[in-house]
1. Can you find, among B:I26, B:I247, B:P131, the residue sitting farthest towards the positive end of the charge dipole of chain B, where Lys and Arg contribute +1 and Asp and Glu -1 at Cβ?
2. Just the number, please: percent antiparallel of the DSSP beta bridges in the protein assembly as shown, rounded to the nearest 5.
3. Testing the spin-label approximation: label points 7 Å from Cα along Cα→Cβ at A:D124 and B:N148. State their distance in nm.
4. Within 10 Å of each residue's Cβ, count the other Cβ atoms and sort A:K333, B:K73, B:K238 from fewest upward.
5. For peptide B:174-187, how many partner chain Cβ atoms fall within 10 Å of a residue's Cβ, on average?
6. Please sort B:11-20, A:233-242 by packing, taking for each peptide the average over its residues of neighbouring beta carbons within 10 angstrom, highest first.
7. Roughly how crowded by other chains is peptide A:50-56, in terms of the mean Cβ count from those chains within 10 Å of each of its Cβ atoms?
8. Of the listed peptides B:142-150, B:247-255, what is their order by residue-averaged count of other C-beta atoms within 10 Å, with the highest listed first?
Amino acid sequence: MAEVILEKVVKAYGKTEVIHGISTAIADGEFIVIVGPSGCGKSTVLRMIAGLEKISGGIIRIDGREVNNLEPKDRDIAMVFQNYALYPHMTVFNNMAYGLKLRKFTKDEIKHRVDQAAQLLQLDGLLERKPRQLSGGQRQRVAMGRCIVREPKVFLFDEPLSNLDAKLRVQMRLELRKLHERLKVTSIYVTHDQVEAMTLGDRLIVINEGAAEQIGSPLELYEKPATKFVAGFIGSPSMNFIEARLSRDGQSANIQGDVRLALSDDGAPDFGDRKVIIGIRPEHFNISESNPQAIPLSVDHIEILGADTMVYGRFADTPDLITIRLPDIHHFKSEKVLPLSVAPDKIHIFNKDTGARI
Amino acid sequence: MLKRTHFNPSPLPYLLVTPQILITIIFFIWPASQAVFQSLLVEDAFGLKTEFVWFDNFIELFSDQIYFNSFGKTIVFSSLVAFLSLGTALILAATADRIVRGATTYRTLLIWPYAVAPVVAGTLWMFIFDPTLGIVAYMLDMMGYDWNHRLNGNQAMALIIFAASWKQISYNFLFFLAGMQAIPKSLTEAAAIDGAGPAWRFWTIIFPLLSPTTFFLLVMNIVYAFFETFGIVHAVTKGGPAGATEIMVYKVYNDGFIGLDLGGSAAQSVVLMVIVITLTVIQFRYIERKVEY
Ligand SMILES: Nc1ncnc2c1ncn2[C@@H]1O[C@H](COP(=O)(O)OP(=O)(O)OP(=O)(O)O)[C@@H](O)[C@H]1O
Ligand SMILES: [Mg+2]
């Protein structure tokens, strides 16, 4: 077990820089999730920590030791790959024992450790099979087992659940979390699935185009996204963004014409009279028939999901469709106008130019 | 199931397979049956009459010590050629799989020998090792090693083994490289994290996963060494000195076209035919089942 520290880590392929200086400290026993859209550099960061990619700048420390120039095998880490990377010609037992044999464990010790891991992962009885005789979920567990037996300082996961079907994914997600609670090994987990990120991680690192946009707990990211990108990436369906002009005193925002939203107590006086981006999550709209301040939404179409109803519509003549999630089942005809209100503390304001939170 | 009547009887399919069938008949079935037929005949010294002798040619062949010597030489020759060319190609492919810079040039250069005709390859090696003109022979001489493959049977054998292996390296290299590139990179990466160094990764991960390719190539190389090396032997040693490099294909030619023992030579080619058919059957058997790993 160990802490992992990244200091201004940079990666360039030739002249193209793909990671632009990421810094973070991952505490001992923490489960941290690196999340971001495809191609943003998540795998690259993970592979640099593993030692599979040379780093072009900065420092990576594992357990207080700089590992920049250490081979993967000397870093005392274990990794689960997206395609599991099980050795196809070896039995499950040998797959798990491969690393132990190389580290010169005794036969008895190897057997003991593999048996224990197999029991923990419900793989007993499958130890003599070859990987191709296993189901997707079982392969995933073997890949986990191969990491566990070595008792490394750090676990690295690169989208380990993305090859599984939706139901199994939910189940394995839960198992992973439980496993972590038992073993308490520092874990770094890469995914582009924000639900996985929110449910698994103690903390999340949101990466966009090779830079860390925000690092924080899932709730922090949900409630106080630091940038428009994070706001849009975390939460499903994603946040609505509406262009608006702040009033002179910064206490309210004008969306087109005279549609007006009251902001929370302190408002944003520094940005008075400036154009900004307003962000509101679909689940934070309420219907309030009696409110004279309500903003009217003209319904375009609806989707009834059972537990919720998704309403898509427009404010006055804004071009973009606004998404609203209402609990329960509702039947609204298109063109119907809904009076909506939003609690002032659920309104996020972003700088129109930089995307930073105001 | 579709009924026969769904298809209009048309001569087109037959027309389309005709060329293939004609080629097979003219260049394989007919000569093969001629060989089998010839192997049952004996011609007198003046070519005046031929006599049908059943299996006498084969009986004579199998009681001939020279033929068994030739058989032994062929075994030595083909195993060494297969071993050398497979081994070298494997090392080269493993290197090519790792290097990034100049990889294309490296690969292209390695593929060239395959485009060289056997006779040309043989001539090339003969010149390099020529006892009076050859550069290697000259260098060996300076190091105090007397090289003359025209007199020394073992040296002659070594020379055709080198030439034949060299020519086959490209072919093996291509297959090995393709095989290696089909192995997911994450496997070697996982092994690296598990603690294996490059050589250990090669022996425990890459080599076992290449075994289907290796097996296929082994059969192909044996077939090559048995049958396609005629040109090399002909150009380099002509079976000499004193029959030291007379492998089976070359003996077929020597006995038939030089010695004019048509029946005996035909019997030898029938034996070779049986060998190649056996190898092919083994090959197909295994390809169907795949090598288990
Ligand atoms: N060998 C390479 N040479 C050049 N560019 C590369 C190389 N490997 C990756 N990249 C670039 O680095 C960037 C980050 O790649 P990376 O694989 O880390 O993305 P990712 O976030 O893991 O995406 P995904 O979710 O699709 O797996 C991409 O833009 C990619 O094109
Ligand atoms: Mg990736």
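Throughout, read-outs are computed from the coordinates displayed, never taken from laboratory work. Treat the numbers as computed from the prediction; the structure is a model and nothing was measured. We place every Cβ from the backbone using ideal geometry, glycine too, and count neighbours over all the protein chains shown.
1. In chain B, that residue is B:I26.
2. On the way: 61 of 79 bridges.
Among the beta bridges of the protein assembly as shown, antiparallel pairing accounts for roughly 75 percent.
3. About 7.8 nm separates the two model spin labels.
4. Details: A:K333 8, B:K73 21, B:K238 15.
In increasing order of surrounding Cβ atoms, one gets A:K333, B:K238, B:K73.
5. Working: counts 0, 0, 0, 0, 0, 0, 0, 0, 0, 1, 5, 3, 9, 7.
Partner-chain Cβ atoms within 10 Å, mean over residues of B:174-187: 2.
6. Values: B:11-20: 9.3, A:233-242: 19.3.
My ranking of the peptides, most packed first, is A:233-242, B:11-20.
7. Details: counts 3, 3, 7, 0, 0, 0, 0.
The mean count of partner-chain Cβ atoms within 10 Å per residue comes to 2.
8. Values: B:142-150: 13.1, B:247-255: 22.8.
Final packing ranking: B:247-255, B:142-150.
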